[in-house]
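What follows is calculated from the coordinates using simple rules that are stated; it is not laboratory data. Just so we're clear, the structure is a prediction, and the values are computed from it rather than from any experiment. Don't worry about glycine lacking a Cβ; one is built from the backbone with ideal geometry, like all the others, and counts go over all protein chains shown.
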Ligand SMILES: Nc1ncnc2c1ncn2[C@@H]1O[C@H](COP(=O)(O)OP(=O)(O)OP(=O)(O)O)[C@@H](O)[C@H]1O
Ligand SMILES: [Mg+2]
């Protein structure tokens, strides 16, 4: 099997340059919106809910929002973003005529998706900290966690992109997978409220271990059990990374 | 020295054979033209040689290296100008060149120098900060060619380089291609423009249905397939039968194009004349005649 090389960084650099040229509209979706959600849901809904365990509701959802919006960033980038570059702009076609191979392009896209997750996760964490919603120095590990989950979600998204005939097919991916996942992964309410079957299902959703870990890092409640979450993220990430490499290569080599 | 070589190269799209068991040798320093009607397989062939599309069967060697193994090294010395515009619409004109240079790991300062150089070569300096959508079709084409030169390629591969260019721009491009060839760059180009092939190419291959039907210098191709002159005879339904009979009886080499007959190798026929002299025209033979002859006039007209 042909693997990628360091040259994938060239694709990452290209995407970075474009992003920093047009970052203003992007920032609204990925930073302003989550802040509004934390504040309105946290304060508004929180007034009814009171507290969850020892935390106020707003403290509870802040890490969930960090995790899920980092996930959204990588996912959007490696679905709509990658699809437009691949199909409409023919950007990949141009790149693979240079010393970069198809694999470098694929990996460059995934790493860029992960970088978007890193930026979103970090930005929301900083703002949450300003609002006093972060209570532990362990939160310094959120950026690397966001990047790691970005690799996983970027790979999953790119795998789906490799199967996507037309851009509107992403509606299925979002309404059947991404959005439900964000509701059943402990982002907005704790999973132990659910019947056992739902709890079991939620543990195969890749956002669940991410939410779990992020929440632990924000609150400082660190224990060895978290290693399982980490392992799950790495495992799912590696599998989809390899799968995306294969299916995307198949799509791009005609 | 042979710089590009294909052996029994085949490309299939499902059951469709786009390139059919094609063996080809291109000499270093020559300008090689691929001519052929739409769908002949020119782009498919070029995409395999530039390592962006895998072959179904067969072998490709560029600079003596097996393309399957050394794709990266080969691509580093190729300049590729694709048939379809794939400029990066997210970047400016200059941004396109700089980003492309980075794919070749050309250091930033050198990349800027080369970018400005190729922009001036193709008279695009004034557009350096424009967005791609602000360019006209011909400007995009020129930028695409300029981009293909950013890595100072040893081999330049162009898929219909002058499509959509106005006459001035076309001559500008031809001039640059001649200069590059004089500097030792090997050129492989597809074209539909016979004038272009005759003006630039040392050797030309005429392709149809994935196969090469004729390959030689433009001059030799013309001499071999059509001779020095062509006699065009206008026909109408009333005298067609009679003419046809006469052509066959006299064993003339001709092509039936419906409302016209083309008589080839006319000098060998002792400059045959037929029918009413008002309906006949003698003219020098061109590469276009070869093209039409080999690929079938009926397909084109
Ligand atoms: N991606 C593809 N999938 C399926 N068939 C294809 C694909 N690309 C090309 N073909 C087919 O292969 C054949 C050769 O196409 P190709 O593009 O190589 O022709 P061409 O000589 O470049 O034609 P043109 O002068 O129109 O550019 C055509 O029959 C075309 O329909
Ligand atoms: Mg073509």
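Structural remarks
- On the principal axes of its alpha-carbon atoms, the protein assembly as shown has extents of 108, 50, 40 Å, going from largest to smallest.
- The helix-based estimate of mean residue ellipticity at 222 nm for chain A, built from -39,500 (n - 2.57) per DSSP H run of four or more residues and divided by its residue count, is -20000 deg cm²/dmol to the nearest 500.
- Stretched out straight at 0.36 nm per residue, the stretch from residue B:260 to residue B:209 would grow longer than its current Cα-Cα span by 15.8 nm.
- Distance from the range B:217-272 to the range A:6-29 (C-alpha centre basis), Å: 62 Å
- Relative pair counts by distance (%), Cα atoms of the range B:5-137, 5 Å bins: 2, 9, 16, 18, 16, 14, 13, 10, 4, 0
- Cα-projected label distance for residue A:3 with residue B:21, points at 7 Å along beta-carbon direction, nm: 4.1 nm
- Between the helical axis of A:8-21 and the longest alpha-carbon principal axis of chain A there is an angle of about 60 degrees.
- Among A:70, A:94, A:139, residue whose mean-square fluctuation peaks in a GNM of chain A (springs only between Cα atoms under 10 Å): A:94
- Paramagnetic label reach from residue A:198 (point 7 Å along Cα→Cβ; backbone nitrogen cut-off under 15 Å): within the range A:163-191, residues A:180-191.
- Each DSSP beta bridge with both residues in the range B:118-261 is either parallel or antiparallel, and the antiparallel ones are about 60%.
- By other beta-carbon atoms within 10 Å, ranking B:61, B:219 with the fewest at the front produces B:219, B:61.
- Zone residues, the range B:207-233, relative to residue B:278, backbone N less than 17 Å from point 7 Å out along Cα-to-Cβ: B:233
- The label-point distance for residue A:230 and residue A:23, in a model that sets each label 7 Å from Cα toward Cβ, rounds to 2.9 nm.
- Against chain A, whose longest principal axis is taken from its Cα atoms, helix A:142-163 shows a tilt of about 50°.
- Chain A: radius of gyration over Cα atoms, expressed as a fraction of 2.2 N^0.38 Å: 1.02
- Computed E for residue B:30/residue A:238 - FRET, C-beta separation, R0 41 angstrom, nearest 0.05: 0.25
- Choice from B:216, B:256, B:21 with maximal GNM fluctuation in chain B (Cα, 10 Å cutoff): B:256
- Length gained when the stretch residue B:178-residue B:199 is fully extended (0.36 nm per residue, less Cα-Cα span): 6.6 nm
- Between helix B:167-182 and chain B there is an angle of about 70 degrees, using the helix long axis and the longest principal axis of the Cα atoms.
- Distance between modelled label sites at residue B:241 and residue B:120, nm, 7 Å Cα→Cβ extension: 7.1 nm
- Counting only DSSP beta bridges with both residues in the protein assembly as shown, the antiparallel share comes to about 65 percent.
- Fluctuation leader among A:23, A:112, A:203 - chain A, Gaussian network, Cα springs under 10 angstrom: A:23
- DSSP bridge pairs, chain B: antiparallel proportion in percent, nearest 5: 65 percent
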